[in-house]
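Worksheet: the structure to be examined is printed underneath.
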Amino acid sequence: MLDYRVVVETGAAVLAAERAQGDDLERLDGLTERMDSATEFEDYRRADVRFHIGMAEASGAARLVAAMTEVQGQMSDLIARIAHPSEVLRSSNEQHRRLVAALRRGDSAGTVRLVREHIEGTEHILAGLLPEPPARAGRGEGPR
């Protein structure tokens, strides 16, 4: 699932960096403000989901929006099982702000780097909840 998330989110980020309009960026800024002011995790998470879907919407690709909606639904199931310390939420939202700034600059490479960092942070937190990925053939195992 996390590999699928990487593909969907980085793809959306690249296209959003190329295509985002002012109203897309304003909407994303507003969602970061909602996350900042959220006093309950459920409110934060709703704005977080909308942020990620909003980035896909800024890409202008309907299939990416559908894929991002699917990914965020799957992530919500996992995220509901973990603690949500305020410092982690603040750090996550700071990544969102940096992502919006990169989108505003049209910096595709920067958006990909930031999305990867954001996903890796989530992977680290969720590591104990996810099954081990299957071993990949030909990855240095066994004789050559």
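Please treat every number below as a calculation from the coordinates, not as lab data. All values derive from a computational prediction rather than experimental measurement. A quick note on method: Cβ atoms are made from the backbone with ideal geometry, for glycine too, and the neighbour counts reach across all protein chains shown.
Loop-located trypsin sites (Lys or Arg not before Pro) in region 39-84 (DSSP state not H, G, I, E or B) with no more than 12 neighbouring Cβ atoms inside 10 Å: 81. Once you sort the root eigenvalues of the Cα gyration tensor of the chain as a ≥ b ≥ c, which label holds: rounded (a/c under 1.5), prolate (a/b larger than b/c) or oblate (the other case)? Oblate. Across region 47-57, computed HN-Hα scalar couplings (Karplus, 6.51 cos²θ - 1.76 cosθ + 1.60, θ = phi - 60°) run 5, 5, 4, 4, 4, 5, 5, x, 5, 5, 4 Hz from first to last residue, x flagging Gly and Pro.
Just to verify a number: FRET efficiency for residue 77 and residue 14, C-beta to C-beta distance, R0 = 22 Å, to 0.05? Taking R0 as 22 Å, the efficiency between residue 77 and residue 14 is 0.25.
Based on DSSP H runs of at least 4 residues, each adding -39500 (n - 2.57), what is the mean residue ellipticity at 222 nm of the chain after dividing by all its residues, to the nearest 500 deg cm²/dmol? Don't skip to the answer; put the middle values down first.
On the way: 6 runs with 110 residues, N = 144.
My calculation for the chain gives -26000 deg cm²/dmol from helical runs alone.
Once the Cα-Cα distance is subtracted from the 0.36 nm per residue extended length, the residue 84 to residue 29 segment shows a gain of 17.6 nm. In a simple Cβ point-charge model (Lys, Arg +1; Asp, Glu -1; nothing else charged), the chain has a dipole of about 440 debye relative to its Cα centre. When the chain is treated as a GNM with alpha-carbon contacts under 10 Å, the residue of 111, 39, 122 showing the greatest mean-square fluctuation is 39. Annotation for region 29-72: chymotrypsin sites (Phe, Trp or Tyr not before Pro) lying in DSSP loop with at most 10 further Cβ atoms inside 10 Å of their Cβ do not exist.
As a calculated quantity, the FRET efficiency between residue 105 and residue 70 at R0 = 41 Å, using C-beta atoms, amounts to about 0.90. Applying the criteria of a DSSP loop state and at most 15 other Cβ atoms within 10 Å to the GluC sites (Glu not before Pro) of region 1-74 yields 40. How far is the Cα center of region 29-53 from the Cα center of region 82-125, in Å? Computed from Cα coordinates, the inter-centre distance equals 13 Å.
Note on residue 39 and residue 116: the model spin-label points, each 7 Å out from Cα along the C-beta direction, lie 4.1 nm apart. Can you tell me the orientation of helix 2-19 relative to the chain, as the angle in degrees between its alpha-carbon axis and the longest Cα principal axis, to the nearest 10? Taking Cα atoms only, the helix is inclined about 40 degrees.
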